[in-house]
1. If a/c stays under 1.5 just call it rounded; otherwise compare a/b with b/c (prolate if a/b is bigger, oblate if not). Do that for the stretch 290-359, with a ≥ b ≥ c from the square roots of the Cα gyration tensor eigenvalues.
2. Within the chain, which whole H helices from DSSP have a Cα span along their axis of at least 15 Å and a mean Kyte-Doolittle hydropathy of 0.5 or more, if any?
3. With +1 assigned to the C-beta of every Lys and Arg and -1 to the C-beta of every Asp and Glu, and no other charges, what is the dipole magnitude of the chain about the Cα centre in debye, to the nearest 20?
4. Could you state the orientation-averaged shadow area of the convex hull built on the Cα atoms of the stretch 142-427, in nm² to one decimal?
5. Could you tell me the largest-minus-smallest coordinate of the C-alpha atoms of the stretch 223-276 on each of the three principal axes, in descending order and whole angstroms?
6. Classify the stretch 1-108 from the C-alpha gyration tensor, please: rounded if a/c falls under 1.5, else prolate or oblate depending on whether a/b exceeds b/c.
7. If you take the beta carbon distance between F330 and R166 as r and set R0 to 22 Å, what does 1/(1 + (r/R0)^6) give as a FRET efficiency, to the nearest 0.05?
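Coordinate-derived values only; no laboratory data. These numbers come from a predicted model, not from an experiment. Cβ placement follows ideal geometry from the backbone for every residue including glycine, while neighbour counts extend to all protein chains displayed.
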Amino acid sequence: MDSDRLASMCNDDAVFRMAARFWNGSLALDVDPPLNLTISDGVAAAAALVPEAHRDHRAGAVALEASSALWDQLLAAIPPAQCSDLGSARHAGLKVRGDDEAFAQHFGAIARVLELLRIDRHGDLPSSGPVVRQQAAIAPTDACDAPVGRYFHVELGDADDRHDYRIYVETAGEGIPLLLQHTAGAHSAQWRHLFEDPWITDHFQLVAYDLPFHGKSLPPSGKAWWTEPYRLTTEFLMSVPLGVADVLGLDDPVFMGCSIGGLLALDLARFHPDRFRAVIGVEPALKVGGRYDAMQLLWHPRVDSGYKAALMEGLMAPQSPEAYRKETAFVYAQGWPPAFLGDVYFYVVDHDLRGDASQIDTASVGVHLLSGEYDWSATPDAGREAHEAIAGSTWSMMPGLGHFPMSEHPEEFLMHLRPVLEQILQSASGEARGGVRA
């Protein structure tokens, strides 16, 4: 591979062209041999290496630097876990030089360059094949999907700042209520595949809600929410499933959440064990590291929602079906601009159970944890740490899955989820209680 060939591949690739539109700058990769492109309104051309120019902060100039061993891992046909994309590679030692804004603005285009390099090395990638098998295994059996959606009015907030929130909820199935919490900045469509699994809906009543300010849920009409920064706190987040359960009349439900929901599962088990028969934390952690003040490009007037979408795609396993990875990223591109960064406040700042996890009583509430192998944010090590801190909990690492297992590869996720749900059914002694009040 040389720079001329890379430029030609970029210009012939529809994904790169869309992601690189309006980019005027340069991209330098210190692979062997080095690859250097100039970008003019999204059109790539080979360029001579000028190291100093690529390492300064000129508008539009981005350079990636890594060891040869790291490049080999990153450009493998199926990269290893914790080194599968730009985000994870930065944790492993990849250096990004130059214009930070340009890196965020054109993150999708830069990520696509890495994919094109993989394709050049290995041919068609395993992750680029059809998803017919996965779609057919959990396809709806009728002309319409299973869930039915309604709006419920839920009072949320503390005693001095309490408001009516219009919360969108989808339900389907019969049996033990199973509350479903989506990830940061997203909405409940992430759980759509579970609604089409007849074994689950024969035993569980699924209740998936959109957080306030997310999806179809609206901000409170009695509060000037647009005059203050949105920051999700532990107390407010815990109040949402508690309030939804109250309004819907759910008796002793199970709670399952992913990412912020996986962290929330642990908070609910610690502070509200009497309200749930069990919690399932998908991608959990006692504490997630990260500097909140370094994440401001997630909500920036010169960076659009495509950055969040492309960044989240990198948190998925590269071998997950491409259509499902793209759909998961699409959900992220839909969000209210401040929502993701505001949710990240809970994720990296407010949530911290390192001193409290050992006090969770699994005799009162079952705790089940699932971690995706390719999740470089709430890593499998973080899930294992939470499991070891909570006596009586269960934990499983899910090979070949990333941060969004329920939407990026639902069929594989269900293989890990069903044994957990069967254990909960056995604990319930065959008596499924609760339900949505008519």
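1. It is oblate, given that a/c is not under 1.5 and a/b is not larger than b/c.
2. Details: long enough: 107-122 (23 Å, 0.43); 234-248 (22 Å, 1.33); 260-271 (16 Å, 1.44); 322-333 (16 Å, -0.53); 410-427 (25 Å, -0.03).
Membrane-span-like by this rule: 234-248, 260-271.
3. Numbers: 33 positive and 59 negative charges, 87 e Å.
Using Cβ point charges on Lys, Arg, Asp and Glu, the chain gives about 420 debye.
4. Values: hull surface 57.4 nm².
Hull-based average projected area comes out at 14.4 nm².
5. 38, 24, 18
6. Values: a/c = 1.44, a/b = 1.30, b/c = 1.10.
Since a/c stays below 1.5, the shape of the stretch 1-108 is classed as rounded.
7. Working: r = 24 Å, r/R0 = 1.10.
FRET efficiency, F330 to R166: 0.35.
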